[in-house]
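The values are calculated or read from the model by the stated rules, or taken from the named source; none is laboratory data. Note that the structure is a prediction, hence the values are computed from the model and not measured. Please note: Cβ atoms are built from the backbone with ideal geometry, for glycine as well, and neighbour counts cover all protein chains shown.
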Amino acid sequence: MLFPMSPKVVELKRRLENFMDRHIYPNEERFYREAEELGPWKVYPIVEELKPLARAEGLWNLFLPQSHHGAGLTNLEYAPLCEVMGRSHLAPEVFNCSAPDTGNMEVLERYGSEQDKERWLKPLLAGEIRSCFAMTEPAVASSDATNIESRIVRDGDHYVINGRKWYTTNATDPRCKICIFMGKTDPDNPDRHRQQSMILVPMDTPGIEVKRPLPVFGFYGVPDRASEVVFTDVRVPKENMLLGEGRGFEIAQGRLGPGRIHHCMRLIGLAERTLEKMCRRVRSRVAFGKPVSEQTVTQERIAEARIMIEQARLLTLNAASAMDTVGNKVARTEIAMIKVAVPNMACQVIDWAIQAHGGGGTSNDFGLTQAYATARLLRLADGPDEVHRNQIARLELKKYSNV
């Protein structure tokens, strides 16, 4: 193997797979049913039942790199474990490794005060509360985050926050207690990347209204509790400012690097699971006198799917290794490449699996529509394909600036 797993990771992976077999896969149908029946404003009981079991087995907070709060894994070590968890929509939250909590916990650990860590990070690490991240806005093209219009204005010992956000994941969850909000503190700064700041906003602060849940391809709550939230004259203490005014982009880059690679790791697991479903389906169905698995078009798609998954996995492991060895900033090309390649790969593999399942593939019975919604969403979340492609091209062209 180009990226061999350490004995520690091999053992954690074995334990994770065993837990998935015993507790995750058998409860997926119940999870989807609860999400559909209870909707995005409720807690899903199956998640709360399984979390204590995962924590008791030491499969908890595995995502935190080099931290005494988690397993202390590097990005490269975490990658195969995150892939296992990505095989099911139910799994990440059960192991306390789901977005946006993972990114928010990393922000609190890196940039939060000791008081912030005690009040917010500690219960997040314990899985007692959840969090949201308010960045995207409906009134502007948020693929360019410098377009953000929300304001954070100093008023004595407080900041006053106004803005309208959407795709604020988790805001409808009744356990969501803290928001990391991005807005402009200095809109006239000539450096457009020093205009924004991030601030902690308790969700019970007066002036916050969670307007509505936003469906992702008709799904509410799975794969995402996307929400629209309005902030009107929301006042928080000045101590809630993270790192200092004008440093929002700096925090965002530190937060989004790990978040992007975690999304890609999980998507590879989802694509693997989807290919398994496709292979089992085509071996069990007969059309035009022979098994669908013997149809040449089916074999071509299975072969292409296997090639694409392996390519995506190697690219992701390479990015994880680069993040560990040279840092997120230097590894930005590798991160951008996987953010384009992996969601596109997953969309294609899932689409082939839907086709192989026939009409049933478009229903919710096989988990394929939920999987496609996740993959398609991730061609936009944490930066759309176009932004990452432009970055890759600029960095490539920079090599020839003296030619």
*Any idea which residue in the stretch 164-183 is surrounded by the most Cβ atoms within 10 Å (Cβ to Cβ), counting only those that are assigned to a strand (DSSP E or B) and in contact with an Asp or Glu (Cβ under 7 Å, 6 or more places away or on another chain)?*
K165
*Inspect all residues belonging to the stretch 41-50 and state whether any of them is out of contact with any Leu (no Cβ under 7 Å at 6 or more places or on another chain), crowded, with 20+ Cβ neighbours inside 10 Å and of a type outside the set (A, V, I, L, M).*
no
*asked:* Any residue that is hydrophobic (A, V, I, L, M, F, W, C), touching a His at 6+ places or on another chain (Cβ under 7 Å) and part of a helix (DSSP H, G or I) - is there at least one of those in the stretch 4-13?
replied: no
*Of all the helices (runs of 4 or more DSSP H) wholly in the stretch 56-129, which have at least 3 residues that are closer than 21 Å to T168 by Cα?*
91-94, 101-111, 122-125
*Restricting the first residue to the stretch 290-312 and requiring it to be assigned by TED's automatic domain parsing to the domain that holds T274 and over 13 Å from L275 (Cα atoms), which pairs with a second residue that is of a type outside the set (V, I, T) and in a strand (DSSP E or B) meet a Cβ separation below 8 Å and a spacing of at least six or different chains?*
Q295/A287
*Could you count how many residues in the stretch 359-403 are aromatic (F, W, Y), more than 19 Å from P92 (Cα to Cα) and either in contact (Cβ under 8 Å) with a residue 40 or more places away in the chain or buried (at least 16 other Cβ atoms within 10 Å of the Cβ) (or both)?*
1
_Is it the case, given these coordinates, that R14 is of a type in the set (D, E, K, R), modelled with pLDDT of 95 or more and surrounded by fewer than 13 Cβ atoms within 10 Å (Cβ to Cβ)?_
yes
